[in-house]
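The values are calculated or read from the model by the stated rules, or taken from the named source; none is laboratory data. Fair warning: this is a prediction, and the values are worked out from it, not measured in the lab. Because the Cβ atoms are built from the backbone with ideal geometry, glycine has one as well, and the counts that use them run over all protein chains shown.
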Amino acid sequence: MSPVGRLRHPRAGCHSKSASTKSILSTLQEQFALVRTRRTDMDRRRFIGAGTAMSLGALAGAVGPGRGAAAPLPSPAPLAFRGEPSKLKIIGVRMVRPRPARPLPAYEPTPGSWSTGGALVANPMSIYPKYKAKRTSFMADDLGPDAVEISTDKGIKGIGFGGPGCSYVIEKHLTKLLLGEDPFNVEELWDIMWRSTLYYGRKGLVINAISALDLALWDIIGKALGLPVYKLLGGETKPRIPAYCTGNDIEQHLKFGYKRLKLAVPYGPADGRDGLKRNAELVRTTREALGPDGDIMLDCWMALTEDYTVELAEIVAPYRINWIEECLPPDDYDGFKRLHSRIRTTRLATGEHEYTRWGFRLLLQYNAVDVWQPDITWCGGLTELRHIAALAAAWNIPVIPHAGWSHGGAHFIMATTNSPWCEMFLPPPGGTPEVYQRFEEENQITRGPEGVYMRPPDRPGFGWELVVD
């Protein structure tokens, strides 16, 4: 997971302000006026675009892969390497538990780290006291390996990662569909896996499995051609990727130079007004430490209600929040639509737990959110993420993948014009300097006007340095 420890801050009321806070707020008021102006312009575009989006839905109907439609979904650019057969053949598929070739030095993280489950974070189970304290109290135990290795007859192997529980679907179903096939045919193989699982899949475990296999295919292609994956996708669209850091160890993140911070909201509706004020206090102290120019985002991890989200947006409005993320359960499209019309002080984001271009098309048709956040290991892999991004690009929607620095997401971001930022998790606090130095070397971390930047590896494929037994 990620870095983060216990935030130390005064328990002052959320409306009390120190002198430094007042000076920051005076600057923020000017910026906030600009935000409201931009939001008004955005709302005007929404009004025009909403009808157009619904027209798209009416024209496209329930279009699935291969079905004709008056207005098909936008498609990504064709891939240059698809011009002729690769002369490779898939001969093996197996689940693996890879480990880093150069693991970070072991250490005992500082107690209270968000990344180690030591900090309170609002979640869908927060309404039940026995499950509130830690996500590990209700999340699944080991569901088997979530990484897959695909072998070819020329000795080239690729590794891909999927979500929890994907191993059963891969071993019992999808493997037989890939054996003997050309790994370069990623679009066709994705469509075969999708169609063959429609009767029991479409979301969840099945798409996790397809994601893992798809990523392994891309890893093979890059290795076969001697190119990093981002070059297969069209090359660089930016010299380096601006990064934001998720978690609540604010002191650590600022020390490392981050100017964009995403906070995990600790309290939800079950905590009442006191919890709401504590959330606002966390935002206030973060803004005070960050200064007026950095960005703050709020991750709500499916824990809130519509009314609570509106109240939260209002109480933190003076601190200029860039977006509020995943405030409702992922299938509540109507709820997101209503929130989108009620909240004027910030953007809404979601998509971490959405699947395939058809799931994201619903977000578009409902005019639900401003930022899409697919996870490359859950949404259908890189092949499907390209389709999602093409759909988003047609409507000027930014795509900022969940955990984008990991599992190949950075290659997508580097090569995609409408993917501006990368989410990062630092190793938990408490490590030696070598821990963080190695992490920065592996992710090619640099610093500049926007804070921290990163780049994907330039080695062939996804560039992972892994050991597989």
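What number of residues within segment 294-304 are in contact (Cβ under 8 Å) with a residue 40 or more places away in the chain and either in contact with a helix residue (DSSP H, G or I) (Cβ under 8 Å, 6 or more places away or on another chain) or of a type in the set (Gly, Ala, Ser) (or both)? Of the residues in segment 294-304, 4 are in contact (Cβ under 8 Å) with a residue 40 or more places away in the chain and either in contact with a helix residue (DSSP H, G or I) (Cβ under 8 Å, 6 or more places away or on another chain) or of a type in the set (Gly, Ala, Ser) (or both). Picking from residues in segment 315-330 that are touching a Phe, Trp or Tyr at 6+ places or on another chain (Cβ under 8 Å) and farther than 18 Å from Tyr355 by Cα, the one that is surrounded by the most Cβ atoms within 10 Å (Cβ to Cβ) is Arg320. Considering Met424, Met414, the condition of being within 20 Å of Trp114 (Cβ to Cβ), crowded, with 19+ Cβ neighbours inside 10 Å and in the same structural domain as Lys262 (by TED's automatic domain parsing) is satisfied by Met424 alone.
Which of the residues belonging to segment 220-249 are in a helix (DSSP H, G or I) and of a type in the set (Phe, Trp, Tyr)? Within segment 220-249, Tyr230 is the sole residue that qualifies. All of Glu188, Glu181 fail the test of being under 26 Å from the mean Cα position of the chain (by Cα) and either surrounded by fewer than 22 Cβ atoms within 10 Å (Cβ to Cβ) or not assigned by TED's automatic domain parsing to the domain that holds Ile376 (or both), apart from Glu188. A Cβ distance below 6 Å, combined with a sequence gap of six or more or placement on separate chains, defines the contacts here; from segment 228-253, residues that are over 15 Å from Gly463 (Cβ atoms) reach residues that are outside any strand (DSSP E or B) and of a type in the set (S, T, N, Q) in the pairs Thr237/Thr417; Thr246/Ser2; Gly247/Ser2; Ile250/Thr286. Annotation note: Cβ proximity below 9 Å between a residue of segment 430-455 that is within 22 Å of Ser113 (Cα to Cα) and touching a residue at least 12 places away in the same chain (Cβ under 8 Å) and a residue that is of a type in the set (Lys, Arg) and not in a loop (DSSP other than H, G, I, E, B) (sequence gap 6+ or interchain) occurs for Val452/Arg260.
What number of residues within segment 115-173 satisfy the criterion of being charged (D, E, K, R) and either in the same structural domain as Thr383 (by TED's automatic domain parsing) or closer than 29 Å to Ala303 by Cβ (or both)?
Residues that pass the stated criteria total 7.
Just one of (1) in contact with a Gly (Cβ under 9 Å, 6 or more places away or on another chain); (2) among the charged types (D, E, K, R); (3) over 17 Å from Phe360 (Cβ atoms) fails for Asp375. It is (3). Of the residues examined, Pro428 is not one that is farther than 17 Å from Pro100 by Cα and over 20 Å from the mean Cα position of the chain (by Cα). Which ones in segment 158-205 are part of a helix (DSSP H, G or I) and touching a strand residue (DSSP E or B) at 6+ places or on another chain (Cβ under 7 Å)? Listed by number, the residues that qualify are Ser167, Ile170, Glu171, Thr175, Leu178.
Out of Gln365, Gln373, one residue alone is within 12 Å of the chain's Cα centre (by Cα) and in contact (Cβ under 8 Å) with a residue 12 or more places away in the chain. It is Gln373.
Per-residue answers, yes or no, for (1) hydrophobic (A, V, I, L, M, F, W, C); (2) over 13 Å from Ala209 (Cβ atoms):
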| residue | (1), (2) |
| --- | --- |
| Asp142 | no, yes |
| Ser151 | no, yes |
| Gly163 | no, no |
| His173 | no, no |
| Leu177 | yes, no |
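Have a look at Ala368, Ala389 and point out the one that is in a helix (DSSP H, G or I) and surrounded by 23 or more Cβ atoms within 10 Å (Cβ to Cβ).
Step by step, each of Ala368, Ala389 is checked, and only Ala389 is in a helix (DSSP H, G or I) and surrounded by 23 or more Cβ atoms within 10 Å (Cβ to Cβ).
Between Ala403, Ala394, the distinction of being more than 19 Å from Gly158 (Cβ to Cβ) and more than 19 Å from the chain's Cα centre (by Cα) belongs to Ala394 only. Please enumerate the residues belonging to segment 185-203 that are more than 18 Å from Thr377 (Cβ to Cβ) and touching an Asp or Glu at 6+ places or on another chain (Cβ under 9 Å). Result: Glu188, Ile192. Within this structure, Glu384 fails the test of being surrounded by fewer than 19 Cβ atoms within 10 Å (Cβ to Cβ) and part of a helix (DSSP H, G or I).
Look at segment 202-213: where a residue is within 17 Å of Trp358 (Cα to Cα) and a partner is at pLDDT below 95, sitting 6+ places away or on another chain with Cβ atoms under 6 Å, you get Leu205/Gly165; Asn208/Gly163.
Which residues, taken from segment 80-101, are in a loop (DSSP other than H, G, I, E, B) and either at pLDDT 95 or above or assigned by TED's automatic domain parsing to the domain that holds His387 (or both)? Matches in segment 80-101: Leu88, Lys89, Arg97, Pro98, Ala101.
Every residue, every condition in (1) buried (at least 24 other Cβ atoms within 10 Å of the Cβ); (2) free of Cβ contacts under 8 Å to residues at least 60 places away in the same chain; (3) in contact with an Asp or Glu (Cβ under 8 Å, 6 or more places away or on another chain), yes or no:
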position: Asp332; (1), (2), (3): no, yes, no
position: Phe336; (1), (2), (3): yes, yes, no
position: Trp358; (1), (2), (3): no, no, no
position: Val399; (1), (2), (3): yes, yes, no
position: Ser406; (1), (2), (3): no, yes, no
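Against the criterion of being in contact with a helix residue (DSSP H, G or I) (Cβ under 6 Å, 6 or more places away or on another chain), basic (Lys, Arg) and buried (at least 20 other Cβ atoms within 10 Å of the Cβ), Arg287 qualifies.
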